[in-house]
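Single-structure report; data block below.
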Amino acid sequence: MTRPPNILFVLTDQQRPDTIAALGNPLIRTPHLDRLVREGTAFDRAYTPSPVCVPARHALTTGRSPHRTGVADNLSANVPADPSIMEVLAARGYQTHGVGKMHFVPQADWRKNWGFESRDLQEECCLDDDYYPYLCQHGYNHVLDPHGLRSEYYYVPQPSQLPEHLHGTTWVADRSIDFLRRRDRARPFFLWTSFIKPHPPFESPNPWNRLYRSHEMPAPFVPENAAENLTFWNRVQNRYKYMDGGAHRHLQRTQRAAYYAAISFIDFQMGRILAALGPEVDDTLVVFTSDHGELLGDFGCYGKRSMLEPSARVPLIVRQPGRFAAGRRCAEPVSLLDLFPTFNAAAGGAGGVDGETSADLALVARGGNGRTHVLSQFSQRATGLYLAAERDWKYIYSAPDAKEWLFNTAVDPRETENLAAEPACARHRDRLKQHLLNRYSRDGYTDAVERVADGRLEWRAYDRPSIPDDPEAGLLLQDPAPLADQLKRLEGYARPPAPPNENPGLTFSNGKPFPHG
């Protein structure tokens, strides 16, 4: 019996799809990812099942869409009810190990392994992982924000407080290489290597933080009609990330330079991991992708929580000789939900658990799966945001705005013209809209759909939420817990207690939180 391949799954956080040199970005330097492009298959229309961390990771781990997992935003308290892909692979004899940010379960359950035989845990805003004690052992216990200062500094590019050899990105690669060296060679392995970066704050150690300079970077893409493409969530996110106070050209380009530096630093670590595999790389299924993208100032917006391409689409490269053609570019729409059946098929299993919207990527690359569209969702009920994407068309519906968008991404890849109201495009709008409504109806997801008087399925109507008029309300504070104790020691300078907040673990200015998500 032929031994199944090893599986190396490398996941970054918040990486745009246009940040790999070999896939068309002339400014960024990514030699090791370029190698994967040359030696593997790149999927040019890969979408996240949800453009925010927890639901995207929960979905790819269980193979189920957010409306089925019940996890549609970052504050969900759900834990995986379905078997994780790690559990499936472990049952097939794989040695499963996770390194870095997992972030697919609530904080109280971070320590549970969910099918991993072992883990090296590194999480954001967390001093109770495996990484912070490592920093303390090396004399850096004073660094309470090891991944960069958040809150008001969230989108302010900043130098790392750590040297290169202790940086979180290096630590993830070091722990991954340690596993490759000590693993049980009698078994195939599943190694999930998960980097926190390039998620903001945009910070890298010397000399990487000077790899790119601001004057070399283009300004964000902001068409004249940019405001027409914004949803409720774009405005909410700009507010609570401190980015709704007006544009600053030099700052915007410095942000991009710092963002690119974080990606190049990950690329360097990717090279180290591939080198540690050595000749075994040809016996390994290598998958590189990200959980969602980053708007980075495009359309005047920052962050994710958007179905526009820079947020909803991700890079996805797969290398496995004999199963994925070298140097191929696949234009068919795919989803991170496809990873479950892809890993399962590599291990000798059959299919995934969400067959209507997921498929083995090897079949998709050969044009043999017959699927025409993929779905994505963020939040639910009154604040739900939904996407259906085909090869050339994509449809978006925002419940809090009660508004539709339709883009022909083949002729308008930068999404400058909303065609939802164009009579000539009505059949494309209605086809994709119906895909979403039918799927949610069949699954009993009544939070999104309802039958109207004439029997048709339609989007469920809700009262529209609003954003506080006060520009100082709703700003997100994410300070490390020990900081409050340190501030108390500053006699005569201590701050008053934080305002009460209905969202555990998050504090908002003026005590006025936005809806969950």
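Numbers below:
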| read-out | value |
| --- | --- |
| Two-site FRET efficiency, H248 against E472, from Cβ-Cβ distance with R₀ of 22 Å, rounded to 0.05 | 0.70 |
| Built amide H within the under 5 Å cut-off of S335, gap 5+ | Y47 |
| Chain lengthening between A81 and N408 when straightened (0.36 nm per residue, less Cα-Cα) | 114.0 nm |
| Length gained when the stretch R456-R29 is fully extended (0.36 nm per residue, less Cα-Cα span) | 148.6 nm |
| For segment 139-264, average projected area of the Cα convex hull in nm² | 11.0 nm² |
| Helical contribution to [θ] at 222 nm, DSSP H n ≥ 4, -39,500 (n - 2.57), averaged over the chain, rounded to 500 | -7500 deg cm²/dmol |
| Backbone N under 20 Å from the A331 label point (7 Å along Cα→Cβ), restricted to segment 408-445 | 408-417, 428-429, 432 |
| Amide H contacts under 5 Å for K403, placed H, 5+ residues apart | S398 |
| In order through segment 31-36: 3J(HN,Hα) via Karplus (6.51 cos²θ - 1.76 cosθ + 1.60), integer Hz, x for Gly, Pro | x, 7, 5, 4, 4, 4 |
| Derived scalar couplings ³J(HN,Hα) [segment 274-284; Karplus, 6.51 cos²θ - 1.76 cosθ + 1.60; whole Hz; x for Gly, Pro] | 5, 5, 5, 5, x, x, 5, 4, 6, 9, 10 |
| Mean separation of Cα contacts under 8 Å, 6 or more apart, over the residue count of the chain: relative contact order % | 21 percent |
| Surface per residue (accessible, 1.4 Å probe) for segment 131-284, Å² | 39 Å² |
| Whole-number percent relative contact order across segment 349-412, with pairs defined as alpha carbons under 8 Å at least 6 apart | 19 percent |
| Largest-first ordering by accessible area, 1.4 Å probe, given options D485, D469, D360 | D469, D485, D360 |
| Built amide H within the under 5 Å cut-off of C330, gap 5+ | A42, F43, D44 |
| Average silhouette area of the chain, convex hull of alpha-carbon atoms, in square nanometres | 24.4 nm² |
| Most positive-pole-ward Cα, M86, P133, A453, against dipole of the chain from beta carbon charges | M86 |
| Per residue solvent-accessible surface (Å²) - segment 1-71, probe of 1.4 Å | 27 Å² |
| C-alpha center-to-center spacing [segment 187-260, segment 83-106] in angstrom | 29 Å |
| With every protein chain in place, the chain: carbon and sulfur % of accessible area (1.4 Å) | 50 percent |
| Gain upon complete extension [D443, Q137; 0.36 nm per residue less C-alpha separation] | 105.1 nm |
| Environment charge of S204, counting only residues whose C-beta is closer than 11 Å and scoring Lys/Arg +1, Asp/Glu -1 | 0 |
| Theoretical FRET efficiency, 1/(1+(r/R0)^6), r = Cβ-Cβ of R272 and E152, R0 22 Å, to 0.05 | 0.05 |
| 3J(HN,Hα) from dihedral phi, segment 311-319, Karplus parametrisation 6.51/-1.76/1.60, rounded to Hz, x for glycine, proline | 9, 8, 9, 9, x, 8, 10, 10, 10 |
| Cα gyration tensor shape of segment 69-189, rounded if a/c is under 1.5, else prolate or oblate by comparing a/b with b/c | oblate |
| Spatial separation of Cα centroids for segment 28-82 and segment 107-144, in angstrom | 22 Å |
| Heavy-atom surface of segment 388-455, accessible at 1.4 Å and reported per residue (Å²) | 47 Å² |
| Counted charge near W171, where neighbours are those whose Cβ lies closer than 13 Å (Asp, Glu -1; Lys, Arg +1) | -3 |
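The values are calculated or read from the model by the stated rules, or taken from the named source; none is laboratory data. This structure is a prediction, so every number in the text was calculated from the model and none was measured. Ideal geometry is used to build each Cβ from the backbone, glycine not excepted, and the neighbour counts take in all protein chains shown. These accessible areas exclude ligands, DNA and RNA; they are computed on the full protein's heavy atoms, side chains included. Shrake-Rupley method; radii C 1.70, N 1.55, O 1.52, S 1.80 Å.
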